[in-house]
Amino acid sequence: MNRSILVISPDRQLLDSVESMLVDQPGLRVDTRPARLTEMNGQAVKLATDYDMILFQTSGGDAAELKAAADLATGRRSGTMLVALADAGLSITDAHALTRAGIDQVLPVSILAEELPESVERLRQKRGGGDGGRPGRIVAVAPARGGVGATTVAVNLADQIIARTARGQNKPRVALLDLDLQFGTVGSYLDLPEQEILLRIAADGTIPDATFLRQSMAVLPSGLSVLAAPTKFAPLEALRSEQIAGLLDALTATHDYVVVDLPRALVSWIEPVVRRADEMMIVTDVAVSSVRHCRRLIDFFTADNIALPVQVVINHESKPFFASALHREAARVLERPLEHWLPHDPKAAHNAADRGQPLSAVAARSSLAKAIGRLASDTLTRFPAAIRTKEAH
Ligand SMILES: Nc1ncnc2c1ncn2[C@@H]1O[C@H](COP(=O)(O)OP(=O)(O)OP(=O)(O)O)[C@@H](O)[C@H]1O
Ligand SMILES: [Mg+2]
């Protein structure tokens, strides 16, 4: 099937180089407009219905340009991918504003040559199969220190995204992926039989497809699909980036939300997760060492994906009425208000882990279950599931 791309930029050199990057792609039509988005006076919105992907250059910090981008996002045909090409001057705040306005991807111009062919490939896969809607959202969960509670958050967030979906709406299709290859505990937290899928993928070097995953993943009574980490030892570098990229693309083609439990080690195959993630959740406590590491992680993740929203989740502490000096210092170091707090609730946490069930099944009324439920509701508000008809299930 043919695809069409429109590139909007006042910079003719950039237009030429994008065209030359895509010239070898079969079945792809590339049109260009030498203008800024704001100069197109709404014409871009009309054009949005004609193209599968629109790339536009933006320098950020310009309210009119942001408004034009938001209009484009509102007016697009469902399935049209919108990509902002960011000048070097684009700040993280501007990049966030663009994604909040509905832009799918913000690509720094400096990495265009490496990234653009991959984005186009995703466009092909997205429109070629599945139900034709937008790919699922990826929420990656990373720990700021060992044992801080990242897996507890990942497991129960995935579970609660299903539970918290409003009545009358289709239950979202949610996948939980344990990429803590060596020490993953998702399987034991959910009392699943051993799954050696990741080990098999690592051993034979293949890129898993959606059919293989559907047949191999465990499905819980709630409908949550789970891919657990191997119970046998696997070297951390056993997986290649392309395999993780393929795994995520297959999962997002068939699920509305993919929650990923990340390992503590920043291995090379984390990169495709960071590039694709819609949101990163870092689970931490307010100890100075954890907060410092959390800061390093934020810098690491946003270096790879400048527009990536990062949510900091403080575990083992209820939201205080008054921020202590320690809390204020943490917010300062992290350059954001501390919004998400999960209480220390050992009874609920241990009960759930011992029984191999999500908190909703064994301690639904506990303060911890409710707090993770709120986290899931917030996620659903930030990333509403794609509108799907019942038949698409
Ligand atoms: N809010 C909480 N209150 C009390 N106990 C908790 C809380 N969150 C997690 N725990 C407990 O802390 C322990 C570690 O949690 P978890 O496995 O989720 O952490 P992790 O960050 O994934 O650790 P790892 O470094 O092993 O991957 C578990 O026993 C879990 O039940
Ligand atoms: Mg863990």
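Between residue 115 and residue 88, the contour length at 0.36 nm per residue exceeds the alpha carbon distance by 8.1 nm. A cut-off under 14 angstrom between Cβ atoms defines the neighbours of residue 263, and their net charge, with Lys, Arg +1 and Asp, Glu -1, is -3. In terms of surrounding Cβ atoms within a 10 Å radius of their Cβ, 322, 383, 56 rank from fewest to most as 322, 383, 56. Can you list the residues of the range 251-272 with backbone N under 18 Å from a point 7 Å past the Cα of residue 171, pointing along Cα to Cβ? Label zone hits: 254-259. Based on Cα atoms of the range 183-264, Rg over Rh with Rh as the Kirkwood radius reads 0.92. Cα-based radius of gyration for the chain, normalised by 2.2 N^0.38 Å, reads 0.99. Model label points for residue 24 and residue 268, set 7 angstrom from Cα along the Cα-to-Cβ axis, are 2.1 nm apart.
If R0 is 30 Å, the Cβ-Cβ spacing of residue 329 and residue 381 corresponds to a FRET efficiency of close to 0.55. Computed over the Cα atoms of the range 3-128, pair by distinct pair, the Kirkwood hydrodynamic radius stands at 14.3 angstrom. When the pairs 232/347; 171/347; 46/67 are compared against a 27 Å limit on Cα-Cα distance, 232/347; 171/347 fall above it. Site pair residue 296 and residue 344 shows an inter-label distance of 2.5 nm when each label is modelled 7 Å from Cα along Cα→Cβ. In the chain, the calculated helix contribution to ellipticity at 222 nm averages -12500 deg cm²/dmol per residue, counting -39,500 (n - 2.57) for every DSSP H run with n ≥ 4.
When DSSP beta bridges are restricted to pairs lying wholly in the range 137-392, around 5% turn out antiparallel.
Taking other residues whose beta carbon is less than 10 angstrom from the beta carbon of residue 187, and scoring Lys, Arg as +1 and Asp, Glu as -1, yields -3.
Percent relative contact order of the range 3-128, based on C-alpha pairs within less than 8 angstrom and at least six residues apart? Once normalised by length, the contact order is 24 percent. Taking each residue as 0.36 nm, the span from residue 289 to residue 242 lengthens on full extension beyond its C-alpha to C-alpha distance by 13.6 nm.
Using the Cβ of residue 293 as centre and a radius below 12 Å, the other residues enclosed give a net charge of +3, where K and R count +1 and D and E count -1.
Every number here is computed from the coordinates shown, using simple stated rules; none is lab data. This one's a predicted model, so the numbers in the text were calculated from it and none came from an experiment. Neighbour counts run over all protein chains shown; Cβ positions are idealised from the backbone, glycine included.
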